[in-house]
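Report on one structure; see the data block that follows.
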Amino acid sequence: MTNLIDKLNEWCGRVVSWIIVVLMLLVVFEIITRRFFGSPTIWTFDVITQLYGAQFILLAGYTLLYNGHVGVDIFYSRLSTRKRAVVDIITYLAFFFPWIIVMTWQGARLSITSWERMETGYGLFSVPLYPIKTVLLIGSVLLFLQGVSKLLSTINVLRTQKDKGGD
């Protein structure tokens with residue numbers, strides 16, 4: 001099961017990372033229309049903001065897969081493999097899972113409400129908000145799944161790692 005989750009987040013990471021190219025093209029387009037033609041658009045800021053937000057949330061699981069989230073490891077790096085596994089299990093159960101469960105639940109609630117209302121943003125462009133709120137839910141689920149994969153892998157390390165002297 002962990003391999004399937006890891007492959008899902010790997011695939012998602014590789015696909016979603018291309019959003020940066022679209023973002024770059026939109027920023028260049030806006031600069032050209034604003035500076036050279038004196039005609040800024042009313043939609044690029046909202047679209048760029050939503051695409052960046054989508055990339056950020058959809059890559060959270062991929063980032064966890066490669067241990068790319070911020071962590072303080074002053075003491076952690078000095079621990080044995082088994083002790084690190086115990087710390088990881090405790091922190092996943094005490095901090096990660098309660099937080100991601102609430103985030104997923106709230107993401108689902110926000111997404112459903114937004115779709116029911118066909119919610120749009122304020123301003124001249126009135127960008128639809130229900131797609132980005134759905135992306136929040138999808139990203140939360142991907143991050144939750146990657147957390148499950150990490151927890152199962154850590155439990156496996158704890159089970160298979162031999163106990164050595166000071167451990």
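Quick check: residue separation of Ser126 and Phe56 times 0.36 nm, minus the Cα distance between them. What number comes out in nm?
Full extension of this stretch gives 23.0 nm more.
Restricting to Cα pairs below 8 Å that are 6+ residues apart, what does the relative contact order work out to for the chain? Please round to a whole percent.
Computed over the chain, the figure is 34 percent.
Tell me the label-point distance for the pair Leu93, Leu23, using the 7 Å Cα-to-Cβ offset, in nm and rounded to one decimal.
Between Leu93 and Leu23, the simple spin-label model gives 3.7 nm.
Sum -39500 (n - 2.57) across every DSSP H segment of at least 4 residues in the chain, then divide by the residue count to get the 222 nm mean residue ellipticity, nearest 500.
Details: 7 runs with 116 residues, N = 167.
-23000 deg cm²/dmol, from helical runs alone.
Helix 2-16 versus the longest principal axis of the chain: what is the Cα-based angle in degrees, 0 to 90, to the nearest 10?
Helix 2-16 and the main axis of the chain meet at about 30 degrees.
Among the lysines, select those whose C-alpha is under 26 Å from the C-alpha of Lys162, and discard any that sit fewer than 8 residues away in the same chain.
Reachable lysines: Lys83, Lys150.
Starting from the Cα-Cα distance between Asn156 and Arg34, subtract it from 0.36 nm times their residue separation and give me the gain in nm to one decimal.
The Asn156-Arg34 span can extend by a further 38.3 nm.
List every residue whose amide H lies under 5 Å from the amide H of Thr120, counting only residues 5 or more places away in sequence or on a different chain, with H placed 1.01 Å from N in the peptide plane.
Amide H neighbours of Thr120, under 5 Å, 5+ apart: Leu129.
Sort 79-90, 26-37 for me by packing, meaning the mean count of neighbouring Cβ atoms within 10 Å per residue, highest on top.
Top to bottom by mean Cβ count within 10 Å: 79-90, 26-37.
Compute the long axis of helix 44-58 from its Cα atoms, compare it with the longest principal axis of the Cα atoms of the chain, and write down the angle in degrees, 0 to 90, nearest 10.
Roughly 10 degrees between the two axes.
Treating the angle as unsigned and between 0 and 90°, give the value, to the nearest 10°, between the Cα long axis of helix 81-91 and the longest Cα principal axis of the chain.
Taking Cα atoms only, the helix is inclined about 50 degrees.
Could you work out the percent of alpha carbon pairs in segment 1-86 separated by over 19 Å, rounded to a whole number?
Details: 2156 of 3655 pairs.
Cα-Cα pairs of segment 1-86 separated by over 19 Å account for 59 percent.
Among [x] 40, 19, 13; [y] 21, 20, 15; [z] 78, 18, 13, only one was calculated for this model; which label is it, if the read-out is semi-axes √(5λ) of the Cα gyration tensor in Å?
So the structure-derived entry is [x].
No value in this document is a laboratory result; all are computed from the given coordinates. Keep in mind it's a predicted model, so treat the numbers as computed, not measured. Positions of Cβ are backbone-derived with ideal geometry, glycine not excepted, and every protein chain shown enters the neighbour counts.
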